[in-house]
Structures are given as C-alpha cells and as structure tokens.
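A.B. asks: Structure incoming, see below.
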Amino acid sequence: MVYVTRKAHFSAAHRLFNPAFTDEQNEAIFDKCNNLHGHGHNYTIEVTVAGNPDPQTGYVIDLKKLSELIEEVILAKVDHKHLNFDVPELEGIIPTAENIALVFWSLLEPHITEGKLQKVRVTESDNNFAEYFG
Ligand code: NI
C-alpha cells in the first residue's frame, strides 16, 4: 500500500462559540477564536489517498485530478468565506479544525474513485492541526 498526499491552502474566518455556554465560558474555552465578529486563519488541508500504484501509470491517484477535486468540493466553498455563515455543511457546527476535517472528509470521500481516502489533515496555525482517518 502506498500513501500519496495533496496539499492545498485556503483563508477563511471563523468564530468558535457554543450558544449553550455563557460569554465568560466561551471566552475562557475558545480564547481568541471566540472573537465576536470572527477572525481569520490561513489553513492548510492535506488529503491522503492510499492504494496500489496502477501498473499502467504508476499512480495511486492522479494528483492533478485530486488537486482539482479539492478545488471543486472544498476550496470553492470555503476560501475567503466565513465558515460560520457561508458554508452550509458547517451550519450548526463549531468550526474547529477537528470538525472541519470531519466535514471535509464527508465532502471528499464520495468522489475518491481511485485508491481509498486515508486521511484529511486540517492545519489551522503553525502548531495546531487535526487529522481524521474516517
Ligand atoms: Ni481561530
């Protein structure tokens, strides 16, 4: 089994809060990401597909096609958007890197026809990322 990964970048705003919490609790738990009108991150998404190289092409999946798929099903929805308001798939979901990874998996998975989706990693800042393995 070979794992191949395609990386992509997007910028988006979000606000982390739970309406069931008090303002003080939200502030304490979500800190800067609780900013009332949201704030921005430069996100990186890494999509890993597992499989055996096709004997004809040597590819597990054509990474150009994977790149186009990420563009169509993810970036077109989220790049330069406010994740709390502009992305129907994230409605009612606290847009942490963890939850974004889960939603991105569900958007991508039905379209992966060569190999098998293995991992979605969402990096929110230099030191923080979340990974979902399905
Ligand atoms: Ni944030």
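The values are calculated or read from the model by the stated rules, or taken from the named source; none is laboratory data. Since the structure is predicted, the reported quantities are computational estimates derived from the model, not experimental observations. Here the Cβ is made from the backbone with ideal geometry for all residues, glycine too, and neighbour counts use every protein chain on show. Remember, those area values only see protein heavy atoms, side chains included, never the ligands or the DNA or RNA. Shrake-Rupley method; radii C 1.70, N 1.55, O 1.52, S 1.80 Å.
A.B. asks: Identify all residues within the stretch 46-72 that are more than 17 Å from the chain's Cα centre (by Cα) and outside any loop (DSSP other than H, G, I, E, B); write none if there are none. Walk me through it before giving the result.
C.D. replies: First, the residues of the stretch 46-72 that are more than 17 Å from the chain's Cα centre (by Cα): 50-65.
ALA50, GLY51, LEU63, LYS64, LYS65, listed by residue number.
A.B. asks: For the stretch 38-57, enumerate the residues that are within 15 Å of the ligand (Cβ to nearest atom) and not aromatic (Phe, Trp, Tyr).
C.D. replies: Residues of the stretch 38-57 within 15 Å of the ligand (Cβ to nearest atom): 38-44.
Matches in the stretch 38-57: GLY38, HIS39, GLY40, HIS41, ASN42, THR44.
A.B. asks: Could you tell me which residue of the stretch 8-37 is farthest from the ligand (Cβ to nearest atom), considering only residues that are assigned to a loop (DSSP other than H, G, I, E, B) and under 23 Å from GLU131 (Cα atoms)? Explain how you work it out, then say what you get.
C.D. replies: Taking the stretch 8-37 first, the residues assigned to a loop (DSSP other than H, G, I, E, B) are 15-22, 35-37.
Applying the additional criterion that residues be under 23 Å from GLU131 (Cα atoms) yields 15-18.
Working: ARG15: 8, LEU16: 6, PHE17: 11, ASN18: 14 Å.
Among those that are assigned to a loop (DSSP other than H, G, I, E, B) and under 23 Å from GLU131 (Cα atoms), it is ASN18.
A.B. asks: Consider ILE93 carefully, then state whether it is within 16 Å of the ligand (Cβ to nearest atom) and open to solvent by 30 Å² or more (accessible area, probe 1.4 Å). Reasoning before the result, please.
C.D. replies: On the way: within 16 Å of the ligand (Cβ to nearest atom): yes; open to solvent by 30 Å² or more (accessible area, probe 1.4 Å): yes.
The answer is yes for ILE93.
A.B. asks: Looking only at the stretch 73-104, which residues are assigned to a helix (DSSP H, G or I) and either within 18 Å of ASN18 (Cβ to Cβ) or at pLDDT below 95 (or both)?
C.D. replies: Initial filter on the stretch 73-104 (assigned to a helix (DSSP H, G or I)): 73-78, 88-90, 97-104.
Listed by number, the residues that qualify are LEU90, ALA97, GLU98, ASN99, ILE100, LEU102, VAL103.
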